[in-house]
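Just so you know, all these numbers are worked out from the coordinates, no wet-lab data involved. Keep in mind that what you see is a predicted model, and the values were worked out from it rather than measured. Cβ atoms come from the backbone with ideal geometry, glycine included; neighbour counts cover every protein chain shown.
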Ligand SMILES: Nc1ncnc2c1ncn2[C@@H]1O[C@H](COP(=O)(O)OP(=O)(O)OP(=O)(O)O)[C@@H](O)[C@H]1O
Ligand SMILES: [Mg+2]
């Protein structure tokens, strides 16, 4: 046992006496010496005296060499009565001395995830069942007789003894049946910190963390060296503080139970990097089906989500996407979805004044729908017109009520969706005749007859189809995007509420929505309410800071049960660490992940994930310019070489789709599928219309005449 405050310098390769004194390193190194000695000793034709001399000489020689021990040993080690200090690093050891009657599963996991450097050692000593049965029998007899004696003396019953007797009897039965075995269990923790104050803090936290679970610990005082040795990976239990435990409670001490995320339902998300199991999961089985995806640019966010879309569609989920980068076009083409390009000179419009019909199951009052829509229009107009004074807001509100009433839509209507709604132009007319609203009218003018005319001021002419629907807003000016996103989201929302159906809404580059308070609030409202309409919202963002700057960033995350974090930039990691409660280990994983690697959180389970795609899927979802170029070239070759150039309808040919000045809902029909099909070099393959609707797309050996 070490004395108080004794500094013991560890001298490299000390001579004989010291070698005997120290246990651990010697037992490691001793084997090495002995082997060498044996070799020289077994040399033939050498007398005993010569052998002794040889050994002595070899020993002297060995002492002069730098050994592994010299390399790994610290320059000093101070052993105090309650902690030890190794080269300036403090270490303090704790042992568990009592456990509660019941232990939860995985109770050790908060400690594993506790953000301090710590070594944990568990020693499990199996005890022979026959021996323990004898002891238990004796105990049971003692307890029974003390109960009898109390009864004879007329004392009140003692529940403590009765419980102990019950437990012992049950254990005896289970051991006899072979259901349980008996063990002795020792559990030690050694925590490390750079200074004494910190280690005291950590020690308190550790004690209260365990104390909260009624697992009581003590510091290994006056045994700090033994404590330290016991938690080194040497299988040396020098503390020897054991407690009895049978198999069931012992199994709860296994700390890694959250790593498997395989379930019977759902789709494949990737491979679990902890144990190579598959992460198969149904997001619609969680409390809500929302998810967030965070990663730096190029880490594979869109790729992961596209794979999810393909796989979710296979199990009958409709998907709606807001695509700011024109990334989802080939996906839409392949699965036969619709692609709606919104731009200033497009002829596709969504009128924000549209009123949805009442939802069948909901009980509403007359005017509810109109009121709801006026509120969301006010939100939209705030984004369009910028800051407003309270007086202006009041005027706008009145103008909105007036513009509806001109069309005969008033607050006493129950279902105003049958009437023709007004447009932005009507609102402009009203505002320009209102006293004091000239300023507002002027600001609105650019959306009705100015630069941005047409986009938001015409009746709706799009329809939310089934399957996959993509709204592309790439060709919109940066300043118009939040407005367009707001209108699209509002439109999607009213459509979603009409019919209950399993749906997913993907919002890529969501940080641009979060820049405006009103659109961020709107998105948060959607995320909160989506569950009731069987909708899962996936929010993808690369700009973590922008996302969290908004007061709605964090609530969106807390309302998303599924979270995918891929590779992160060092600048963002600390922030993200706070929001997601990441441990140092998890932060390390995120900083050092490759493309398509990261952390997957589903409810309170998490795992390190590797996202993998099949070859066919990869061809559809990749955004790698080289691969896309290659694919386009192969398509071109296919068009020119194998068949005469197809006379495809203007809106469905590949080139026309990409340069079309107007927005098109492209219902992907046969020629379009052929034109945009995934062509796999060098083996040319084409997707037939039948296959096009069945993702992931397998390849077909040669083009069929019908596909051309
Ligand atoms: N799991 C993966 N396996 C193979 N390649 C991948 C994987 N994930 C992504 N990639 C490739 O990495 C590149 C970037 O992926 P992706 O477009 O998904 O990035 P991103 O995170 O969405 O970037 P941005 O924020 O710029 O949109 C693409 O070329 C894609 O093909
Ligand atoms: Mg992307």
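Residue 475 to residue 236: extension gain in nm, 0.36 nm per residue of separation minus the Cα-Cα distance? Present the calculation step by step, with values, prior to reporting the outcome.
On the way: separation 239, 0.36 × 239 = 86.04 nm, distance 6.81 nm.
The span from residue 475 to residue 236 would gain 79.2 nm if fully extended.
Stretch residue 251-residue 184 to full length: gain in nm at 0.36 nm per residue minus the Cα-Cα span? Let's see the in-between values first.
Working: separation 67, 0.36 × 67 = 24.12 nm, distance 1.27 nm.
Full extension from residue 251 to residue 184 adds 22.8 nm.
What are the extents of the Cα atoms of the range 77-251 along their three principal axes, listed from largest to smallest and rounded to whole Å?
63, 34, 29
How large is the Kirkwood hydrodynamic radius of the range 368-448, in angstrom, based on all distinct alpha carbon pairs? Intermediate values should be presented prior to the final figure.
Details: mean 1/r = 0.0776 Å⁻¹.
Taking every pair of different Cα atoms in the range 368-448, averaging 1/r and inverting gives 12.9 Å.
Per-residue counts of other Cβ atoms within 10 Å, averaged by peptide: what ranking do you get for 535-545, 229-239, highest first? Don't skip to the end; give the middle numbers.
Values: 535-545: 22.8, 229-239: 16.9.
Ranking, from highest mean packing down: 535-545, 229-239.
Checking the a/c ratio against 1.5 first, then a/b against b/c, what shape does the Cα gyration tensor give for the range 347-398?
Values: a/c = 3.30, a/b = 1.49, b/c = 2.22.
Note, shape of the range 347-398 comes out oblate.
Give the separation of the Cα centroids, the range 209-236 to the range 341-359, in Å.
Spelled out, the Cα-based centre of one part sits 67 Å from the other.
What is the range 398-549 by shape, rounded, prolate or oblate, if you read a ≥ b ≥ c off the alpha carbon gyration tensor as root eigenvalues and call it rounded for a/c under 1.5, prolate for a/b larger than b/c, and oblate otherwise?
Details: a/c = 1.96, a/b = 1.34, b/c = 1.47.
Oblate.
Counting C-alpha atoms alone, how compact is the range 451-510: give Rg to one decimal and Dmax as a whole number, in angstrom.
12.6, 39
With a Förster radius of 22 Å, plug the Cβ-Cβ distance of residue 109 and residue 280 into 1/(1 + (r/R0)^6) and report the FRET value to the nearest 0.05.
0.50
Would you work out if the range 275-361 is rounded, prolate or oblate? Take a ≥ b ≥ c from the square roots of the eigenvalues of the alpha-carbon gyration tensor; rounded if a/c is under 1.5, else prolate when a/b is larger than b/c, oblate otherwise.
Working: a/c = 2.06, a/b = 1.37, b/c = 1.51.
Oblate, since a/c reaches 1.5 and b/c is not below a/b.
Rank-order 321-331, 116-126 by packing density, defined as the average count of other C-beta atoms within 10 Å over each peptide's residues, highest first. List each step's numbers first, then the result.
On the way: 321-331: 21.5, 116-126: 15.5.
In descending order of packing, they fall as 321-331, 116-126.
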